[in-house]
């Protein structure tokens, strides 16, 4: 029994069997390369992943932009069997990552320097403002100090209230007064007439009760009496002058 041989077809005449086997292995190899590209490109960041997926969706290279075509070739060169192309692609991506790191470091340093400079500027502005406030306060204090006048120091005898059990016991009180005038001229007017000032105040301290000096209300009434009496006297002698405030500078009850 003889075997019947089928003659080769016209389409298979002249074809290289090795070429057919290579063609059959091309598709699995391309799939393997695509998987390797995706694994390598993944760590490069969301940008590369997005661009890679966009490139993969475009079958025709003519539809890709220059950047997309260049990136496709570089990604393919990473898994290329040509060691020279692979080394160049790795060198390119390492250089790109290094440039990104250097740029990010430079931006960070610049931002830090700008923040430090801004904080220093704010600190100097606060220091300058504080200095101006202190100078203004000192100037106001010096100006206000020129309006303060010493009304003298007095020693008087005070009696307890009539209803007090020790109503017959007298106490000696050392008390000092001061005042703030409306201007420097009024202070100079009072300094030149200390005798008249002491006479006016002493007349108000006669018959003073001890309880009047032991309560805030009693002290307030005494200061108001002195304020009103001296202002009436000043107005008769120097109409432009007046006292703005009277205060007790010292008080000792013995």
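Rule-based calculations on the coordinates, nothing more; no lab input. Since the model is a prediction, treat every value here as computed from it, not as a measurement. All Cβ positions, even for glycine, are placed from backbone atoms using ideal geometry, and neighbour counts span all protein chains on display.
Structure values in brief
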{"quantity": "Label-point separation, residue 172 to residue 143 (7 Å along Cα→Cβ), nm", "calculated": "4.5"}
{"quantity": "Gyration tensor (alpha-carbon) shape descriptor, the range 81-212, a/c threshold 1.5", "calculated": "prolate"}
{"quantity": "Sorted by Cβ neighbour density within 10 Å, fewest at the top, the residues 254, 187, 137", "calculated": "254, 137, 187"}
{"quantity": "Where the Cα pairs of the range 199-254 fall when distances are cut into 10 Å bins, in %", "calculated": "21, 51, 22, 6"}
{"quantity": "Rg in Å to one decimal, and Dmax rounded to a whole Å, for the range 146-253 via C-alpha atoms", "calculated": "14.8, 49"}
{"quantity": "Neighbour-count order for 78, 243, fewest beta carbons within 10 angstrom listed first", "calculated": "78, 243"}
{"quantity": "Net lengthening on full extension, residue 122/residue 86 (0.36 nm per residue, minus Cα-Cα)", "calculated": "7.6 nm"}
{"quantity": "Estimated inter-spin distance, residue 252 and residue 133, nm [label 7 Å along Cα→Cβ]", "calculated": "3.9"}
